[in-house]
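What follows is a single structure, written as C-alpha cells, with notes after it.
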C-alpha cells in the first residue's frame, strides 16, 4: 500500500514537471482535450457566472446534471449506471466535436503551437 502511494505521487510529480500543470493531451498533440478548461468552467460556475462557465466548457452543466443519477445508479443498479455513463460520454464527445468544428482554433479551444508532435516533426525535417 505504501509503495503504491509513493508510485502514485511520483507519477504526479513527473506529470507536473513535464507538463507544467497543463493538459498532457494538449501538450502532446496541440489540440485541447474534451476536458480542457473544465476547471475554469467549474470556477465560474461556483462564482455563479453561468455565461463564462458555459463559454469555457459547456460540459460542466452536463456533469453537474448527471452527477447524482450516476452516483445513485453506481451503487443501486450497475446496468443503468453503464447506460447513463455511456449516454453522458456520448453527449460529452458530441459537444467536443461540435466545439472543435465551430470554435477551434480560437480561444478557449486554442491550438498550442509548442506541442510535442510539432517539435518532433520540426526535428525530423
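The values are calculated or read from the model by the stated rules, or taken from the named source; none is laboratory data. Note that this is a predicted model, so its numbers are computed, not measured. We place every Cβ from the backbone using ideal geometry, glycine too, and count neighbours over all the protein chains shown.
Go through the residues of the stretch 72-86 one by one and say whether even a single one is out of contact with any strand residue (DSSP E or B) (no Cβ under 7 Å at 6 or more places or on another chain), surrounded by fewer than 14 Cβ atoms within 10 Å (Cβ to Cβ) and closer than 22 Å to residue 23 by Cβ.
So the first thing to find is which residues in the stretch 72-86 are out of contact with any strand residue (DSSP E or B) (no Cβ under 7 Å at 6 or more places or on another chain), and the list is 72-86.
Now drop any that are not surrounded by fewer than 14 Cβ atoms within 10 Å (Cβ to Cβ), which leaves 72, 75-79, 82-83, 86.
After this cut, where a residue has to be closer than 22 Å to residue 23 by Cβ as well, the list is none.
Among the residues of the stretch 72-86, not one is out of contact with any strand residue (DSSP E or B) (no Cβ under 7 Å at 6 or more places or on another chain), surrounded by fewer than 14 Cβ atoms within 10 Å (Cβ to Cβ) and closer than 22 Å to residue 23 by Cβ, which makes the answer no.
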- Task: Could you check, for the stretch 90-106, whether at least one of its residues is assigned by TED's automatic domain parsing to the domain that holds residue 46, more than 16 Å from the chain's Cα centre (by Cα) and either at pLDDT 95 or above or outside any loop (DSSP other than H, G, I, E, B) (or both)?
- Result: yes
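Suppose the filter is in contact with a helix residue (DSSP H, G or I) (Cβ under 7 Å, 6 or more places away or on another chain) and within 30 Å of residue 119 (Cβ to Cβ); does residue 56 pass it? Don't jump to the end; show me each part of the working.
Numbers: in contact with a helix residue (DSSP H, G or I) (Cβ under 7 Å, 6 or more places away or on another chain): yes; within 30 Å of residue 119 (Cβ to Cβ): yes.
Yes: the conditions hold for residue 56.
Looking for whichever is part of a helix (DSSP H, G or I), under 25 Å from residue 30 (Cβ atoms) and not assigned by TED's automatic domain parsing to the domain that holds residue 28 here; the options are 55, 72. Which one fits?
Going through 55, 72 in turn, the sole match is 55.
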- Message: Taking the criterion of being surrounded by 16 or more Cβ atoms within 10 Å (Cβ to Cβ) and either in the same structural domain as residue 120 (by TED's automatic domain parsing) or modelled with pLDDT of 95 or more (or both), would at least one residue in the stretch 7-24 satisfy it?
- Response: yes
